[in-house]
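Taken together, the values in this text are just the output of simple stated rules run on the coordinates, not laboratory data. Predicted, not measured: the structure shown is a model, and the values here were computed from it. Quick reminder, even Gly has a Cβ in these numbers, built from the backbone with ideal geometry, and neighbours come from all protein chains shown.
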Amino acid sequence: MKNILNELRKDLKQIVKDEFSGENTKRQYIKKAPEGLFLSEKHLIEKYFNNTKGKLLDLGCGTERTTILLYEKGYSVIRVDIVPKMIENAKKIASEKNFDIDYRVGDATELEFEDDMFDSVFFSNQGWTQIPRKENRIKVLKEIRRILKNNGILIFTSHTRHLFSKHFFCFLVCKK
């Protein structure tokens, strides 16, 4: 019981970083990276992200799963994840493909970007579910709103808490 209480006292963000930095997780995400976007995500991007000249933020990017289509379509993408190991793995995969992509370690609750900087934000899958506490999720939404230009588009995908299949997702498309 004492060990459980000590674990709960740790910073929740650090727990998430530690969880997604392990060797098993690294292998799992590197293996999934070539799968690319889920069909539903690809459809949403093709429908709503039609400004390849604009700046796109891939928030909670993980290890390369979402970048390939965006990069190949010509988007100017900045990718951010809170887990340094995820960014390290993504850089390695991109380097092997000769992709020149801007990767950054960062916290979605405190984005280091100017106001109205992005035309689009893509926040997919695990990112949202790994943000501890309601207050932090609200901070993330406020940050996304701050960095999106007027008429900017947010595409948000997340799996539900209770999966019925491996591709049962919730989707949200918003315009600022």
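Please find the FRET efficiency linking Phe99 to Leu141, where r is the Cβ-Cβ separation and R0 is fixed at 41 Å, and quote it to the nearest 0.05.
Working: r = 29 Å, r/R0 = 0.72.
My answer for the efficiency is 0.90.
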Using Cβ contacts closer than 10 Å as the measure, can you line up Ile30, Ile153 from fewest to most? Ile30, Ile153
Normalised by the empirical 2.2 N^0.38 Å for globular proteins, what value does the Cα Rg of region 47-92 take? 1.15
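Fewest first, what order do Asp119, Asp102, Asp58 take by the number of other Cβ atoms within 10 Å?
Details: Asp119 21, Asp102 10, Asp58 27.
Going from least to most buried by this count: Asp102, Asp119, Asp58.
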Ranked from fewest to most other Cβ atoms within 10 Å of their own Cβ, Lys175, Lys149 fall in the order Lys175, Lys149
